[in-house]
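Take a look at the structure below.
The values are calculated or read from the model by the stated rules, or taken from the named source; none is laboratory data. Remember, predicted model here, so these are calculated numbers, not experimental data. Please note: Cβ atoms are built from the backbone with ideal geometry, for glycine as well, and neighbour counts cover all protein chains shown. Note: areas computed on protein heavy atoms with side chains; ligands, DNA, RNA excluded. Shrake-Rupley method; radii C 1.70, N 1.55, O 1.52, S 1.80 Å.
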Amino acid sequence: LLSTPPRMAQTLRIETDDTDHVTLTRWMIGHQSEHKGATGEFTYILSSIQLACKVIATAVRKSGIANLTGLVGSENVQGEQVKKLDILANDTFINALRASKMINVMVSEENEEPLIAEDANGGKYVITFDPLDGSSNIDCGVAVGTIFGIWQQLEPGTKGTIDDALQSGRKMVAAGYCLYGSFTQLILSIGGKSVDGFTLDPSLGEFILTHPNLRIPEFGPIYSINEGNQNAWLDPQIRQYVENSRNPPPGKKAFSARYVGSMVADVHRTLLYGGIFIYPADKKSKDGKLRLLYEGFPMAYILEAAGGKATTGRMDILDIVPTHIHQRTPIILGSAQNVADVLSLYAA
């Protein structure tokens, strides 16, 4: 009989990056252990937020075949037509946060008044959010998103008031947004020191850390603005910056123009590729179009944490002290050098 030679043992090499997936929950627990005296309350809030984002992501993905597109037939406090998904996203966020019992005051784009916990045991945190930014584009499949910002209550342990929601952006403790597009991605900054990105793995139902310590490029040759409103812009400095970007002096390359019309999508691209996003004041919206508490503040917080800048042209967005929960503001944010170039026109 012929003998069969023994098979040589093979060494199996396992790449850690291929198997050691850091989920958002694991990441939060790890960060919690780094802070002495942490109670886990903030981790619970973020767990509620990620659950809401998963529910909304599922609804967005199946909206075309689940009769979730189209208008409801009413307007929100902003005077905007309400989409079916706006209501679903708003209710989902409110219910998830209310169930956490850690939020004392909530401010939503879809609600005229703040939602305040019935007693002082409702938690010590304040959250503002746009449950579905860019929803006017949902019927044509354009990327949309959720934006949120978090503060601590002015006097923890007391019943919340509207003043708890009228704090400057410098007092925020965290902010983030969730992009619903060809994939679902949650961008998060806690403490304003760094920015991390988590991508939803549909097969696992978990957000996985895919973009640790995101940093925006110092400069980017991309500008994002609705040029259709050019004749209505109030500040000539914006018009001059756009002209300089389109027609630079000899030896310099013209910028590329990119504009989606969904703030989350436009800011997300700006964060990853560099460049600048501008939504200025105009003749129709003399104070600006975008809302300060749940659009301007969170996005400014994230961009600054990633090494960028955010301004109105006259002051840093995070330095504004709001007087109304639905206050609007002009917004100029992006790579530090791009924003500095705009500010140089205001200083001239």
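Rundown of residues vs (1) touching a Gly at 6+ places or on another chain (Cβ under 9 Å); (2) modelled with pLDDT of 95 or more; (3) open to solvent by less than 10 Å² (accessible area, probe 1.4 Å), yes/no style:
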residue	(1), (2), (3)
ILE302	yes, yes, yes
MET315	no, yes, no
ILE320	yes, yes, no
PRO330	yes, yes, no
ASN338	yes, yes, yes
| message | Suppose we filter GLY296, GLY308 for residues that are touching a residue at least 40 places away in the same chain (Cβ under 8 Å), within 30 Å of THR161 (Cα to Cα) and open to solvent by less than 40 Å² (accessible area, probe 1.4 Å); which single one remains? | response | GLY296
| said: With the requirement that a residue be under 17 Å from LEU115 (Cβ atoms) and out of contact with any strand residue (DSSP E or B) (no Cβ under 7 Å at 6 or more places or on another chain), what does segment 162-180 give you? | reply: ILE162, ASP163, LEU166
| query | Give me the pairs: first residue in segment 228-253 and of a type in the set (Ser, Thr, Tyr), second residue surrounded by 13 or more Cβ atoms within 10 Å (Cβ to Cβ) and in a strand (DSSP E or B), beta-carbon distance under 6 Å, and six or more apart or on different chains, which are they? | reply | SER245/TYR223
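Please specify each residue of segment 210-242 satisfying the condition of being part of a strand (DSSP E or B) and crowded, with 19+ Cβ neighbours inside 10 Å.
Initial filter on segment 210-242 (part of a strand (DSSP E or B)): 210-211, 222-224, 233.
ILE222, TYR223, SER224, TRP233, listed by residue number.
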| request: Return yes when LEU166 is modelled with pLDDT of 95 or more and open to solvent by 30 Å² or more (accessible area, probe 1.4 Å) and no when it is not. | output: yes
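Would you say GLY261 is open to solvent by 10 Å² or more (accessible area, probe 1.4 Å), modelled with pLDDT under 95 and either in contact with a strand residue (DSSP E or B) (Cβ under 8 Å, 6 or more places away or on another chain) or not in a strand (DSSP E or B) (or both)?
On the way: open to solvent by 10 Å² or more (accessible area, probe 1.4 Å): yes; modelled with pLDDT under 95: yes; either in contact with a strand residue (DSSP E or B) (Cβ under 8 Å, 6 or more places away or on another chain) or not in a strand (DSSP E or B) (or both): yes.
So GLY261 passes the test.
Going by the conditions given, is LEU271 open to solvent by 10 Å² or more (accessible area, probe 1.4 Å) and either more than 21 Å from ALA165 (Cα to Cα) or not hydroxyl-bearing (Ser, Thr, Tyr) (or both)?
Numbers: open to solvent by 10 Å² or more (accessible area, probe 1.4 Å): no; either more than 21 Å from ALA165 (Cα to Cα) or not hydroxyl-bearing (Ser, Thr, Tyr) (or both): yes.
Taking the combined requirement at face value, the residue does not satisfy it.
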| Which members of segment 118-141 meet the condition of being crowded, with 18+ Cβ neighbours inside 10 Å and over 24 Å from HIS268 (Cβ atoms)? | GLY122, GLY123, LYS124, TYR125, VAL126
| Just one of the numbered conditions (1) open to solvent by less than 60 Å² (accessible area, probe 1.4 Å); (2) closer than 25 Å to TYR180 by Cα; (3) part of a loop (DSSP other than H, G, I, E, B); (4) modelled with pLDDT of 65 or more is not true of VAL60; which one? | (3)
